Amino acid sequence: MGKNQHVVPHPDGWAVKGEENSKPTKITNTQQEAISYAREIAKNQGSELLIHGKDGKIRDRDSCGNDPYPPKG
């Protein structure tokens, strides 16, 4: 499984960062651009996408390819 991808606020807009990476993978102007880019990486790697708000707290998460199908339960 690949690294979880985080969309985080950045002084130049929004950044996509792989979990535990010190440098961003990509910096975008809008959060939506960052989410789209990070979602593709997470899908390819079978990892999670974690979206942070402007305050830096996680506001949403999306499991991209990591969920069992059909869902258990």
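Coordinate-derived values only; no laboratory data. From a predicted model like this one, the values you see are computed outputs, not experimental measurements. Counting neighbours? That spans all protein chains shown, and the Cβs are built from the backbone with ideal geometry, glycine included.
Bridgeable lysines around Lys26 (alpha carbons under 19 Å apart, same-chain partners fewer than 8 residues away excluded): Lys3, Lys17, Lys43, Lys54. Applying both filters, DSSP loop and at most 10 other Cβ atoms within 10 Å, to the trypsin sites (Lys or Arg not before Pro) of segment 19-54 gives Lys54. When all alpha carbon pairs of segment 1-65 are counted in 10 Å bins from zero, the resulting P(r) reads 27, 60, 13, 0 %.
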